[in-house]
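Let me begin by presenting the structure, written as structure tokens, before commenting on it.
Read-outs throughout are calculated quantities, based only on the coordinates presented, and are distinct from any laboratory measurement. Computed from a predicted model, the values in this text were never measured in an experiment. All Cβ positions, even for glycine, are placed from backbone atoms using ideal geometry, and neighbour counts span all protein chains on display.
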Amino acid sequence: TATPTPTAVPTATVTATPAATLRKFDSQPLAVMVDNEAGARPQSGLTNADVVYEVLTEGGITRFMPVFGSKDSDIVGPVRSLRWYFASLAAEHNARLVHAGGYADAYELAMVLGISRMDDLQGTGIFWRVNRNQGAPWQNLYTSTTRSRALGNDAGWGQLSTLLFREQPPPGDALKNDISIVYSADYRVTYRYETATRSFLRFSSGRPHLDQTTGEQFAPQNVIVQLMDTWALRGDPEDRVDMELTGSGDAYYFRDGVVVKGTWHKPSLAARTDFLDNESRPMAFRPGQTWIQVVPISGSVRY
């Protein structure tokens, strides 16, 4: 049978396979560290990201890493510091990291993995501060992926990890309730499936989670819940966490109003994460935005 001609997307190409589609980009994706403390909301620019990670950082607080491949955002933020596990996740997409400072272990891993970075502490000229009634250096630092691309040395390619996409919904269990994810008492995420748009409306601590710039409620087409062994660093004054980013674990995939239970696999920090369905086959997601919720095993996931 003939292979259909892929639909053109900005700065991206699509490679067809018999099972699904792998999204690749002609320019290097950008991965931006974005704050998610209560005072940082609503954030700007996440609507245009292809993938958004949410991961626990310290004290029950999560942080975002949106990855921009097919679209740009003129304003993204508030921008925060880099943690080591985000460096490994950014490497899966060959993404350039955009952040404001970080810890030594994060810098070291980025160097080992060959990840390029644009750091506010280096005076790159891609950051600015705004008056949002928050004091420096927290929650008022912003950047632009457009400006980052103009000033950065583009590596010339990237892809959305091993995420595969296809229009046809997979067999799965129909959702009867909202998706509820609890990182901590103050960091609760809810997704409500909207049949008309085939997307998941996102709520943060019970309130619609909006983009500051567009006013739109975040509504990805796919939600991945990746359960991961996570623990508090003993004696750490900032109550930071560490996690077992490699190995394998349980995963839940939500698309088109159904849930598929599967597993994730990542053999090394330099490797990509494979998301497999309940028959150990690569999971295929609906074309569109994907939010990856990296949730501690001790956390709560209900649907």
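The table below gives the values:
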{"quantity": "Computed [θ] at 222 nm, helices only, for the chain once each DSSP H run of length n ≥ 4 contributes -39500 (n - 2.57)", "calculated": "-2000 deg cm²/dmol"}
{"quantity": "Normalised contact order of the chain, rounded percent, pairs of Cα under 8 Å and 6 or more residues apart", "calculated": "20 percent"}
{"quantity": "Candidates Ala49, Ala20, Ala251: whichever shows maximal mean-square fluctuation once the chain is modelled as a Gaussian network with Cα springs under 10 Å", "calculated": "Ala20"}
{"quantity": "Ratio Rg/Rh, restricted to the chain and using Cα atoms, in which Rh is the Kirkwood radius", "calculated": "0.94"}
{"quantity": "Principal axis dimensions, largest first and in whole angstrom, of segment 211-262 by Cα", "calculated": "42, 34, 13"}
{"quantity": "Choice from Asn94, Asn131, Asn140 showing the highest fluctuation, given a GNM over the chain with Cα pairs closer than 10 Å", "calculated": "Asn131"}
{"quantity": "For segment 180-303, alpha-carbon Rg relative to the globular expectation (2.2 N^0.38 Å, N residues)", "calculated": "1.13"}
{"quantity": "GNM flexibility winner over the chain from Thr21, Thr145, Thr47 (Cα, springs under 10 Å)", "calculated": "Thr21"}
{"quantity": "Estimated dipole of the chain in Debye, rounded to 20 [Cβ of Lys and Arg +1, of Asp and Glu -1, Cα centre]", "calculated": "540 debye"}
{"quantity": "Positive minus negative residues near Gly262 (Lys, Arg vs Asp, Glu; Cβ under 13 Å)", "calculated": "-2"}
